[in-house]
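Asks: Structure in structure tokens, see below.
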Amino acid sequence: MYEFIIELKNVSKYYGYGLLGISRFAAVDDVSLGISNKPLINVIAGESGSGKTTLAKIILRIVKPDKGQVLFNGKDLWRLNRKDLDEFYKSVQPIFQDPYDSFNPYEKLEIPLLKTAKKFLNGNDKEIIAVVEKALEVVGLSFDMIKGKRKDELSGGQLQRVAIARALIPSPKLLVADEPVSMLDATLRANILNIFKELKDRRGINILYITHDLATAYYIGDYIYIMFRGTIVEHGPIEKVLSEPLHPYTRTLIDALPSYEKRERFIKEPIELKETELKEFLLRGCKYYYRCPYATKKCFEEKPPYIEASPNHYVMCWRYVGSS
Ligand SMILES: Nc1ncnc2c1ncn2[C@@H]1O[C@H](COP(=O)(O)OP(=O)(O)O)[C@@H](O)[C@H]1O
Ligand code: SF4
Ligand SMILES: [Mg+2]
């Protein structure tokens, strides 16, 4: 088996801005990372407008990067043959932020589940229903509980569980979950997060958990990537990064935790680019320059390199250059 199910090598994605959209900024800027084939919960964390969703879409093959390479089991994701592409669509499944967006309002909920099972698996009707039943059981639901119901008859938490069940039908190896609990209230959140933990521990499924919320990240994550304005500014085992944060941005995120969580809980992320956001995206050197209390001229002029500050704990900041 190849070491990584998904590997990103120097991946960038540019979007246009301004009236004509001719000028471009990198929503994802030279990102490299590897999601191992071993079951782990990798977290990508950062405030709204960091490029997390764009990165998730790149991994899911929804967005094509402008630079760099995305590999699926060692093969270029954009040059897969039919068989490997089918394998990719089975193996890597998305879970989105708002479960209400994931289902058709007019369709009974069992329909998309049965359709998914028929698309990915061979079998007669009885076998197909058995697979759907099994997937629902994993998330604490049953076929009878959802049969004949439409999406607005279920709570947000129940519906997110149905969405996870649907993602489990093809027996995926990796779930890419983009803010999967940010629309849910606190009690339901823990329930969904525990399902992710169990999927990893009992079923060996890899999870990429994308969030703006370090508290939930810490609760389930093994390894964390901190993202700011398109770049991964720090990454490492989650215990280490959150207990000994190195990058000034990571520290701010940790300090701001309780109020940050309250403020962002029910807010959908805006798509338009704010002026300050754009200014940061366009920085040639360190993207944290305008906010950083330690910023120097060099930080403005040159992009910092990654430094391995301690085993497996990396930070992108000039302050650590020469100190490792
Ligand atoms: N399709 C798009 N066209 C233009 N700009 C986009 C598009 N998608 C995202 N952006 C911009 O890219 C930046 C990163 O967005 P996004 O990936 O959604 O970040 P996050 O998920 O961390 O909030 C934001 O400034 C956003 O406005
Ligand atoms: S490189 Fe400079 S501006 Fe960026 S985080 Fe480090 S000290 Fe601050
Ligand atoms: Mg997002």
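FYI, it's all coordinate maths here, none of it is from the lab. Every value quoted in this text rests on a predicted model; they were computed, and no experiment measured them. Quick reminder, even Gly has a Cβ in these numbers, built from the backbone with ideal geometry, and neighbours come from all protein chains shown.
Asks: Using the Cα centre of the range 4-320 as origin and beta-carbon charges of +1 (Lys, Arg) and -1 (Asp, Glu), tell me which of 195, 242, 208 is placed farthest towards the positive end of the dipole.
Replies: Final value for the positive-end residue is 208.
Asks: Right, next: How big is the antiparallel share of DSSP beta bridges in the chain, given as a percent to the nearest 5? Can you show the working numbers first?
Replies: On the way: 29 of 47 bridges.
Around 60 percent of the beta bridges assigned by DSSP in the chain are antiparallel ones.
Asks: What is the list of residues in the range 9-38 whose amide nitrogen lies under 20 Å from a point 7 angstrom out from the Cα of residue 278, following Cα to Cβ?
Replies: Label zone hits: 13-29.
Asks: Over the alpha-carbon set of the range 1-132, divide Rg by the Kirkwood Rh and report the Rg/Rh ratio to two decimals. Can you show the working numbers first?
Replies: Details: Rg = 17.8 Å, Rh = 17.3 Å.
Radius of gyration relative to Kirkwood radius: 1.03.
Asks: Points 7 angstrom from Cα along the Cβ direction at residue 67 and residue 298: gap in nanometres?
Replies: Each label point is offset 7 Å from its Cα along the Cβ direction, giving 2.3 nm.
Asks: Using the Karplus curve 6.51 cos²θ - 1.76 cosθ + 1.60 with θ = phi - 60°, what ³J(HN,Hα) values do you get for each residue of the range 14-27, in whole Hz, with x for Gly and Pro?
Replies: Values per residue, Gly and Pro as x: 9, 10, x, 9, x, 4, 8, x, 7, 6, 10, 10, 8, 5 Hz.
Asks: Counting only residues 5 or more places away or on other chains, whose amide H sits under 5 Å from the amide H of residue 68 once H atoms are built in the peptide plane?
Replies: 12
Asks: Turning to a different aspect of this structure: What FRET efficiency do you get for residue 30 and residue 98 if R0 is 35 Å and r is their Cβ-Cβ distance, rounded to the nearest 0.05?
Replies: Working: r = 30 Å, r/R0 = 0.86.
My answer for the efficiency is 0.70.
Asks: With 17 Å as the cut-off, how large is the P(r) tail for the range 15-88, expressed as percent of Cα-Cα pairs?
Replies: On the way: 1488 of 2701 pairs.
Value for the range 15-88: 55 percent of Cα pairs lie more than 17 Å apart.
Asks: Select from the range 280-324 those trypsin sites (Lys or Arg not before Pro) which occupy a DSSP coil region and have at most 14 other Cβ atoms within 10 Å, ordered by residue number. Each step should come with its number before you reach the end.
Replies: Numbers: sites: 284, 287, 291, 297, 298, 319; in loops: 284, 287, 291.
Here the sparse-neighbourhood loop sites are 284, 291.
Asks: In addition: Computed over the Cα atoms of the chain, what is the convex hull's projected area averaged over all directions, in nm²?
Replies: Working: hull surface 71.6 nm².
Spelled out: convex hull of the Cα atoms, projected over all directions, averaged, 17.9 nm².
Asks: Quick one: order 154, 55, 8, 20 by neighbouring beta-carbon count within 10 Å, fewest to most. The partial results should precede the final answer.
Replies: Working: 154 20, 55 29, 8 23, 20 7.
In order of increasing Cβ crowding within 10 Å: 20, 154, 8, 55.
Asks: Short version: ³J(HN,Hα) in whole Hz for each residue of the range 47-63, in order, from phi by Karplus 6.51 cos²θ - 1.76 cosθ + 1.60 (θ = phi - 60°), x for Gly and Pro, what are they?
Replies: 5, 4, x, 8, x, 5, 5, 4, 5, 4, 5, 5, 5, 7, 6, 8, 10
Asks: Also: If N is the number of residues in the range 140-195, what value comes out of its Cα radius of gyration divided by 2.2 N^0.38 Å?
Replies: Details: Rg = 11.6 Å, N = 56, 2.2 N^0.38 = 10.2 Å.
Taking N as the residue count of the range 140-195, the ratio is 1.14.
Asks: What list of ³J(HN,Hα) values in whole Hz, one per residue of the range 233-247 in order, does the Karplus curve 6.51 cos²θ - 1.76 cosθ + 1.60 (θ = phi - 60°) give from phi, with Gly and Pro shown as x?
Replies: 8, 7, 8, x, x, 4, 4, 5, 5, 7, 8, 10, x, 9, 6
Asks: Among 77-84, 160-167, 103-110, how do they line up by average Cβ neighbours within 10 Å per residue, starting with the highest? Intermediate values should be presented prior to the final figure.
Replies: Numbers: 77-84: 12.6, 160-167: 25.1, 103-110: 15.1.
Going from most to least packed, we get 160-167, 103-110, 77-84.
Asks: Let me ask something additional. Just to check, using Stokes-Einstein with a Kirkwood Rh over alpha carbon pairs, what's the diffusion coefficient of the range 80-145 at 37 °C and 0.692 mPa s in µm²/s?
Replies: Details: Rh = 13.5 Å.
Stokes-Einstein gives a translational diffusion coefficient of 243 µm²/s.
Asks: Working out 0.36 nm times the residue gap between residue 194 and residue 119, then minus their Cα-Cα distance, what length gain in nm do you get to one decimal? Mind dumping the intermediate values first?
Replies: Values: separation 75, 0.36 × 75 = 27.00 nm, distance 2.83 nm.
Net length gain for the segment: 24.2 nm.
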